[in-house]
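Input: a single structure, listed below in structure tokens.
The values are calculated or read from the model by the stated rules, or taken from the named source; none is laboratory data. The structure presented is a predicted model; accordingly, all values stated were derived computationally and were not measured. Every residue, glycine among them, receives a Cβ derived from its backbone with ideal geometry; neighbour counts consider all protein chains shown. SASA here: full protein model, heavy atoms, side chains in, ligands and nucleic acids out. Shrake-Rupley method; radii C 1.70, N 1.55, O 1.52, S 1.80 Å.
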Amino acid sequence: MTEPTFAALGELLTAGREASGVPGCAAAVYHRGQVHEAAAGVLDFETGIPVAVDSVFQIGSVTKPFTATLAMMLVSEGRLELDAAITRYLPGFRLAVEGAADKVTVRQLLCHTSGIDGDLIEDTGSEDECIEKFVT
């Protein structure tokens, strides 16, 4: 049975989705031993397939707020500099153009301004070796 606090979760998702123009979304909240789920909208405007609570979404930049928050915590502790080359923290980081990695800063990665094409998503399937294929 859904607690009254979460009864309107679907309505809230629908309102937020409509206000933002997002095609579809799903959310789950774990509270006091219960999972409360809701979905709203469609997976794609063209197909019109409705979003379900178990729909799979491409992760995209959903993790960026978490990454940026953690990065800023490290900045406040003096353990990370936004304008330092990423190779200071990831010495093995390489790009196709020799020496280009040394010019990419932490700030640029957080703001998507480094010039790196980060939207390359390759479908490597769902078999046991799919992660190995993706990394390769």
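Residue-wise HN-Hα couplings along the stretch 62-67, as the Karplus relation 6.51 cos²θ - 1.76 cosθ + 1.60 with θ = phi - 60° gives them from phi, are 4, 7, 4, x, 5, 4 Hz; Gly and Pro carry x.
Let me know the charge dipole size of the chain about its Cα centre in debye, to the nearest 20, where only the beta-carbon of Lys, Arg (+1) and Asp, Glu (-1) is charged.
660
In sequence order, the stretch 101-115 has phi-based couplings of 4, 5, 9, 8, 9, 4, 4, 4, 5, 5, 9, 6, 10, 7, x Hz under the Karplus curve 6.51 cos²θ - 1.76 cosθ + 1.60, θ = phi - 60°, and Gly or Pro positions carry x. Annotation: amide H of L43 within the under-5 Å range of I49, V51, sequence separation 5 or more or interchain, hydrogens built in the peptide plane.
Taking GluC sites (Glu not before Pro) as exposed when their DSSP state is a loop state and no more than 15 other Cβ atoms lie within 10 Å, the longest site-free interval of the chain runs over 1-45. For the stretch 56-115 versus the stretch 20-43, the inter-centroid distance based on Cα atoms is 29 Å. Based on Cα contacts under 8 Å between residues 6+ apart, the chain shows a relative contact order of 12 percent. In the calculated pair-distance distribution of the chain, the portion above 27 angstrom amounts to 46 percent of the Cα-Cα pairs.
Length gained on full extension, E46 to T124, computed as 0.36 nm times the residue gap minus the Cα-Cα distance: 25.7 nm. D83 contributes about 100 Å² of solvent-accessible surface, heavy atoms of the protein only, 1.4 Å probe. Think of a 1.4 Å ball rolled over the protein heavy atoms: the chain then has 77 Å² of accessible area per residue. How large, in percent, is the carbon and sulfur part of the accessible surface of the stretch 1-61 at a probe radius of 1.4 Å? Accessible surface attributable to carbon and sulfur in the stretch 1-61 totals 58 percent.
Order the following by accessible area, largest value first: V97, V42, V53. Probe radius 1.4 Å; ligands, DNA and RNA are ignored.
My answer, sorted largest first, is V97, V53, V42.
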